[in-house]
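The values are calculated or read from the model by the stated rules, or taken from the named source; none is laboratory data. Keep in mind it's a predicted model, so treat the numbers as computed, not measured. We place every Cβ from the backbone using ideal geometry, glycine too, and count neighbours over all the protein chains shown.
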Amino acid sequence: MSEPVTVADLDLRLVRYFTVVAEHRHFGRAAVALHITQPSLSRQVRRLEQQLGARLLDRTPRGTRLTEAGEAFLPRAGALLRAAARAAAVTRAAAEPGRITVGYTTGVFVTPAVREMRHRFPDADVRTAHLRWHETRAALLDHRVDALVARLPFSTEGLRVTVLYDEPRVLIVPLDHRLAGKESVTLDDIADEPLPRVPDPLWDAFWRVDPRPDGRPAPDGPYVDDMEDKFELVASGQALAIAAGTVGTRVRPDLTAIPLHGVEPSHVGLATRAGDNGRLLTAFRKCAEALLTGPDGG
């Protein structure tokens, strides 16, 4: 009979790997997100299963699903990782009370607010951290960043979120596409055009407008984990993509942006952990609301 597992027996790195696989429901996509090889990820998850004495994941032809034990462990794994992150963050904050880290995602600019913070608090350590689109909420809850400026949607549970400004949405097409010369397009113009998919259901639904206003599902395109992969699919003619921007938006020289009418704009928001009201964080909220008012960063 094996000895009971204690908290000290669990490797938090393995727990995190499991949660990422559970999020993506696919070992390959999870390995890409974690920047490790798929065989290595499989070995690490097996090690965790051995530590727990239970199988957590089953592979299927459609991907990966949680076992009953995996379903039971997942919320507790998340709570364990958040508790460890909070413990580390509180310790760092006690040692470095004059520090704040501001996260931001691609195409979102925080420079005016960060510059003002450094001017107002010259003795504070005001840092910035670039995050990938799918890391936003986790980065806050894991205390990797203290404030975040990013495009919605993402789950706001446990967060305080304020919309700073809106951006119109555009359709990204190759220069030689049939729609490339149009002044604007609607969803009817792309009713049958595949759009790249992402694992996150909120993000996927918003950026593919799925379902469409008439209830029809948006045509499926290939899965991507990174925005550059999405634009590569568009350039190669495998899909079109919806993005935030204006007529002048140019993500790469072989693509063009066309205004997409009849859809709600993209919202850029400031997010912090609910209940966090430190001196630097309160000051950054005010700076962000006053200075981050458009896609040009000011």
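Looking at 91, 105 in this structure, which one is modelled with pLDDT of 90 or more, closer than 25 Å to residue 137 by Cα and of a type in the set (Val, Ile, Thr)?
Testing whether each residue is modelled with pLDDT of 90 or more, closer than 25 Å to residue 137 by Cα and of a type in the set (Val, Ile, Thr) leaves just 105.
Please verify whether the stretch 107-117 includes one or more residues that are surrounded by 13 or more Cβ atoms within 10 Å (Cβ to Cβ), in a strand (DSSP E or B) and in the same structural domain as residue 276 (by TED's automatic domain parsing).
No, the stretch 107-117 contains no residue that is surrounded by 13 or more Cβ atoms within 10 Å (Cβ to Cβ), in a strand (DSSP E or B) and in the same structural domain as residue 276 (by TED's automatic domain parsing).
Quick one: in the stretch 5-63, of everything that is touching an Asp or Glu at 6+ places or on another chain (Cβ under 7 Å) and outside any helix (DSSP H, G or I), which residue is nearest to residue 203 (Cα to Cα)?
Per the criteria, the residue is 56.
Among the numbered conditions (1) within 26 Å of residue 228 (Cβ to Cβ); (2) modelled with pLDDT of 95 or more, tell me where residue 117 comes up short.
Unmet for residue 117, out of (1) within 26 Å of residue 228 (Cβ to Cβ); (2) modelled with pLDDT of 95 or more: (1).
So which strands (runs of 3 or more DSSP E) are wholly in the stretch 133-243 and hold at least 2 residues that are of a type in the set (Val, Ile, Thr) and over 27 Å from residue 22 (Cβ atoms)?
So the answer is 159-167, 169-174.
Only residues that are within 20 Å of the chain's Cα centre (by Cα) and surrounded by fewer than 19 Cβ atoms within 10 Å (Cβ to Cβ): list them for the stretch 205-215, please.
Result: 205, 209, 210.
Right, residue 189: at pLDDT below 95 and charged (D, E, K, R) or not?
Judged against the criteria, residue 189 is not a match.
Given the criteria assigned by TED's automatic domain parsing to the domain that holds residue 280, farther than 25 Å from residue 65 by Cα and of a type in the set (Phe, Trp, Tyr), does residue 121 qualify? Let's see the steps before the verdict.
Numbers: assigned by TED's automatic domain parsing to the domain that holds residue 280: yes; farther than 25 Å from residue 65 by Cα: yes; of a type in the set (Phe, Trp, Tyr): yes.
Yes; evaluated as a whole, the condition is true for this residue.
Taking the stated definitions as given, is residue 202 of a type in the set (A, V, I, L, M), surrounded by 19 or more Cβ atoms within 10 Å (Cβ to Cβ), at pLDDT 90 or above and not assigned by TED's automatic domain parsing to the domain that holds residue 287? I'd like the intermediate steps shown before the answer.
On the way: of a type in the set (A, V, I, L, M): yes; surrounded by 19 or more Cβ atoms within 10 Å (Cβ to Cβ): no; at pLDDT 90 or above: yes; not assigned by TED's automatic domain parsing to the domain that holds residue 287: yes.
In short, no.
Here are some conditions: (1) out of contact with any helix residue (DSSP H, G or I) (no Cβ under 9 Å at 6 or more places or on another chain); (2) in a helix (DSSP H, G or I); (3) of a type in the set (Gly, Ala, Ser). Residue 288 meets all but one. Which one does it not meet?
(1) is the only condition that residue 288 fails.
Out of all the residues in the stretch 258-298, which are of a type in the set (S, T, N, Q) and under 30 Å from residue 182 (Cα atoms)?
Those that are of a type in the set (S, T, N, Q) and under 30 Å from residue 182 (Cα atoms): 266, 293.
Within the group 241, 218, which residue is buried (at least 18 other Cβ atoms within 10 Å of the Cβ), farther than 24 Å from residue 101 by Cα and without any contact (Cβ under 8 Å) to a residue 24 or more places away in the chain?
From the options 241, 218, the qualifying one is 218.
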